[in-house]
Amino acid sequence: MRRRFSRRDISMDLCTIFKRYVGIILCYSSTRMICTTCAETDYQPNIVLIMADDLGIGDVGCYGNNTIRTPNIDRLAEEGVMLTHHLAAAPLCTPSRAAFMTGRYPIRSGMDNGHRVRVITFTGSSGGLPKNETTFAAILQKQGYHTGIIGKWHLGVNCETRTDHCHHPLSHGFDYYYGTPFTNVGDCKPGNDQSAIFLDVQVIVYLAARVLFAGLLTLFVARWTGLIGVRWKWIVWPTVCCCLLFGSWHSLFGFLRHWNCLVMRNHQVVQQPSNPETLPARMTEEALGFIERNRKKPFLLFVSLLHVHSPFFTTKPFIGKSNHGSYGDNVEEMDWHVGQIVNAIDNLGLANKTLIYFASDHGGSRDTVGTNGEIDGGWNGIYRGKKGLAGWEGGIHVPGILRWPGQLSSGRTIDEPTSLMDIYPTVVNLAGASLPQDRIIDGRDLMPLLKGDVQKSEHEFLFHYCGNALNAVRWHPKDSDSVWKAHMFTPRSDTDNCYQTNVFGCHDDYVSYHDPPLLFDLLKDPSEAVPLSPGTEPLFHEIQDQIRMGVERHRKTLTPVPLQLSWSNVLWKPWLQPCCGTFPFCGCSEDSSQNRAPEK
């Protein structure tokens, strides 16, 4: 029997269909909104890491400087999170940057040692970041990120041949590289006699050669005139040896600008020697181009600035504009370059998808010689010491700022101990990857601390090395706000001006040993001015015992590795020298026609 439908039945059916249709639309919209939110915040954000060179924590406005203008860096702090107890793993470029790239103390990779040389000294040397070290760039590359580095590398180039590029950025997880594989030194500035490579050795060899030549010339004249009866071979062979000695010295140190000051794009040398007047602007152009090319996919960009390492290549719009001479001018220009990168991210609508990190590789150098010969350099605020000096806070206490709108609260300040090594696990976890399980990672993920999910740093102990010697230990008890620091040795006062010879001694005549270790309460005495004693600190012996046990546990985690900065690895090897053209006639010049001085 056929059923007959009433108007009421038809109305109810239509109502049911309408409700289901609306429900489906709402469910689809909600699901789409949730997925969109996940995609824009939690899933593979862009990562931009900006690292200054030799910048003191006291040089930045948001860290207390009211005379040097750094509005762009200050804006990052206003819109993000500022770390006030941020630490480098070493007070020098090469070991600090090795720790940053690997998340591990440099002693674990052999990127620091107890000898005189603690940084890469030549692009034609064989030392560098070992091939078996896994950088955060290598991990993010496997996660689908396009990875790039612009600027300073200073972690080596070659191992056995001029083109093996075993230490090169492209061998450590980067897809694109533009910059200098070395660093900014006095030799890179035309007409500048402020050499930074074995200056005292150069002086000794030069004086010795002059004395030998003068002596041999005297012997030659005396033999020629018959005043002495020495056989000619005792004059000729020493003369040949002296010529070889002087020739070797001159072929190396006389052409340092050609050997060390060069620019590479990926594996190719594109400028040799480099043009320091335009290189910083070209680096910023390259960074902006990288961001533009990769705006539609996740990317990692490491901008490793040459500012504010001496000598200062400041462009005309910034010269004489600061209240702190050529150094202050260079800091203000650096801030302008930072602003260009941040503005590009914002203008492309990538701000909410991009974590930006700004820091310095270590503390500032107080006694840099400025453009006009004045003694100039970074200011490390209230902290004692400077770049290159073992242990003291001024060499390792650095600015650290992170901005990620929508994910990190703006205007926050975190006083907990953190490290440059923490960037490694932080970006690896954000990329959805896992940390390597075959090695110890000393860094800790910062996101729980940055988001306020936890209030305490995961670092109970932080260990500070001078070369391969344990110099100081920082203890932050889990149940206390206190931060104790014990120095096993400290630099002697008469070596504070070690930049006269570029010697950063970690032993013997350069340091004073302390038994028991020199103890400071950094919460009350951040300047490390007054060491504690059993009479001034009731828990003195208990604190020393806890630190001693922490050191014992730490040392059990260390394994012997080849020293990348041994004498055999840091000395110049002509067959490893990067060169555009035919060695030794290296020379080329690629300079963008669009480069111009920035307009303020």
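Of the residues that make up the range 450-461, is at least one within 23 Å of Pro517 (Cα to Cα), open to solvent by less than 60 Å² (accessible area, probe 1.4 Å), out of contact with any helix residue (DSSP H, G or I) (no Cβ under 9 Å at 6 or more places or on another chain) and hydrophobic (A, V, I, L, M, F, W, C)? Checking the range 450-461: not a single residue is within 23 Å of Pro517 (Cα to Cα), open to solvent by less than 60 Å² (accessible area, probe 1.4 Å), out of contact with any helix residue (DSSP H, G or I) (no Cβ under 9 Å at 6 or more places or on another chain) and hydrophobic (A, V, I, L, M, F, W, C).
Answer with yes or no whether Gly339 is touching a residue at least 12 places away in the same chain (Cβ under 8 Å), within 26 Å of Cys93 (Cβ to Cβ) and either out of contact with any Ser or Thr (no Cβ under 9 Å at 6 or more places or on another chain) or not in a helix (DSSP H, G or I) (or both).
So Gly339 passes the test.
Candidates in the range 173-199 are the residues that are outside any loop (DSSP other than H, G, I, E, B) and surrounded by 20 or more Cβ atoms within 10 Å (Cβ to Cβ); of these, the one that is modelled with the lowest pLDDT is Asp187.
Phe461 is checked against (1) within 13 Å of Thr135 (Cα to Cα); (2) touching a strand residue (DSSP E or B) at 6+ places or on another chain (Cβ under 8 Å) and fails just one. What number does that condition carry? Against the list (1) within 13 Å of Thr135 (Cα to Cα); (2) touching a strand residue (DSSP E or B) at 6+ places or on another chain (Cβ under 8 Å), Phe461 comes up short only on (1). Of the residues making up the range 462-474, those that are open to solvent by less than 20 Å² (accessible area, probe 1.4 Å) and either assigned to a loop (DSSP other than H, G, I, E, B) or of a type in the set (Val, Ile, Thr) (or both) are Gly467, Val473. Taken together, Gly406, Gly385, Gly391 contain a single residue that is assigned to a loop (DSSP other than H, G, I, E, B) and more than 21 Å from the chain's Cα centre (by Cα), which is Gly406.
Restricting attention to the range 158-167, the residues that are surrounded by fewer than 17 Cβ atoms within 10 Å (Cβ to Cβ) and either of a type outside the set (Ser, Thr, Tyr) or within 15 Å of Asn569 (Cα to Cα) (or both) total 4. When the criteria are applied in full, Leu170 meets the requirement of being in a helix (DSSP H, G or I), open to solvent by 30 Å² or more (accessible area, probe 1.4 Å) and modelled with pLDDT of 80 or more. Residues in the range 275-331 that are at positive phi and surrounded by 17 or more Cβ atoms within 10 Å (Cβ to Cβ): Gly325 only.
Restricting attention to the range 288-313, the residues that are within 24 Å of Val48 (Cα to Cα) and either among the hydroxyl-bearing types (Ser, Thr, Tyr) or not in a loop (DSSP other than H, G, I, E, B) (or both) add up to 12. Condition check for Leu155 on (1) out of contact with any Phe, Trp or Tyr (no Cβ under 9 Å at 6 or more places or on another chain); (2) surrounded by fewer than 23 Cβ atoms within 10 Å (Cβ to Cβ); (3) among the aliphatic types (A, V, I, L, M): one failure, at (2). Annotation note: Cβ proximity below 7 Å between a residue of the range 530-545 that is under 17 Å from Asp515 (Cβ atoms) and aromatic (Phe, Trp, Tyr) and a residue that is open to solvent by less than 60 Å² (accessible area, probe 1.4 Å) and part of a loop (DSSP other than H, G, I, E, B) (sequence gap 6+ or interchain) occurs for Phe540/Leu532; Phe540/Ser533. Condition check for Asn132 on (1) touching a residue at least 24 places away in the same chain (Cβ under 8 Å); (2) closer than 19 Å to Gly443 by Cβ: one failure, at (1). The test for being touching an Asp or Glu at 6+ places or on another chain (Cβ under 7 Å) and closer than 30 Å to His309 by Cα holds for Tyr465.
Of all residues in the range 426-446, those satisfying the criterion of being outside any loop (DSSP other than H, G, I, E, B) and either in contact (Cβ under 8 Å) with a residue 24 or more places away in the chain or open to solvent by 20 Å² or more (accessible area, probe 1.4 Å) (or both) are Val427, Val428, Asn429, Leu430. Checking the structure you have, find out if any residue of the range 401-415 is surrounded by fewer than 24 Cβ atoms within 10 Å (Cβ to Cβ), in contact with a helix residue (DSSP H, G or I) (Cβ under 6 Å, 6 or more places away or on another chain) and of a type in the set (Ser, Thr, Tyr). For the range 401-415, residues surrounded by fewer than 24 Cβ atoms within 10 Å (Cβ to Cβ), in contact with a helix residue (DSSP H, G or I) (Cβ under 6 Å, 6 or more places away or on another chain) and of a type in the set (Ser, Thr, Tyr): present.
Go through the residues of the range 511-534 one by one and say whether even a single one is in contact with a Lys or Arg (Cβ under 9 Å, 6 or more places away or on another chain), at pLDDT below 95 and not polar (S, T, N, Q). Yes, that holds for at least one residue.
The values are calculated or read from the model by the stated rules, or taken from the named source; none is laboratory data. If you're wondering where the values come from, they're calculated on a predicted model, not measured in any experiment. When we count neighbours, we look across all protein chains shown, and the Cβ atoms used for this are built from the backbone with ideal geometry, even at glycine. Side chains included, ligands, DNA and RNA excluded: accessible areas come from the protein's heavy atoms. Shrake-Rupley method; radii C 1.70, N 1.55, O 1.52, S 1.80 Å.
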